[in-house]
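Rule-based calculations on the coordinates, nothing more; no lab input. Everything numeric in this text was worked out from a predicted model, so none of it was measured. Here the Cβ positions follow ideal geometry from the backbone for every residue, glycine too, while neighbour counts run over all protein chains shown.
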Amino acid sequence: PKGCTIALAGPPGKGKTRSALAALCRVAADGTPVAFVVAEEGFHDDDGEAGRDDLCSRLTKIGMAVTGLDESQFAEKVLSNICVLESQYHKGQTWDDFVSKYRYLVEKEKMRFVVIDSLNMLDPTKNRTADNLCALKTYNHEKGITCICIGQIRDTGMPVGGEALMHTADAVFLIEEMSLGSKEMADFWG
């Protein structure tokens, strides 16, 4: 919904970024200005050292698949509506740097849908994730921005930011990894 700030948290490699990129491309395909905030990994891997497709390549592959557009149509109809903001603290960015750039995108570039990957990486201490989300949520409500904030799950099963994070977002989606023991697998497979 318009103005809704959503937390999407789960363990690594379970499809959080992929799902968010698919949503971002679908919204952009409708002509809506969108932004992708990269806080965890680089957007483009010039050196090819990541060992997998970089976010730029993944965005293009996922976007073309979900929209059904070829490369030139995708560039024209979708990529022209996407802004990418790199805001990694390990590259000297702070929460305040992020906020000023985020507000610029929203107010000057008229972004209406934003994906942040990942919220807890915008603050290296990870102690203020819920406070940061609260401030972001208030701003998003005022401006009518729909925002998906991707987050990580701790070993305890709770998202980084804990209970406070879960009670701050308008909606929280927790992706859990479930496994079956050998007895359950035997029952399942007969």
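Here region 62-153 is treated with +1 on each Lys and Arg Cβ and -1 on each Asp and Glu Cβ, and its dipole about the Cα centre works out to around 260 debye. Pairs spanning more than 27 Å between alpha-carbon atoms, out of Lys110/Lys137; Lys61/Lys108; Lys14/Lys143: Lys61/Lys108; Lys14/Lys143.
In this structure the amide hydrogen of Leu8, modeled in the peptide plane, comes within under 5 Å of the amide hydrogens of Cys149, Ile150, Gly151, Phe173, none closer than 5 places in sequence on its chain. Packing, taken as the mean count of other beta carbons within 10 Å per residue, orders the peptides 110-123, 58-71 from highest to lowest as 110-123, 58-71. Find out how many positive minus negative residues lie around Ala7, taking Lys and Arg as positive, Asp and Glu as negative, among other residues whose Cβ is under 10 Å from that of Ala7. Combined, the nearby Lys, Arg, Asp and Glu give 0.
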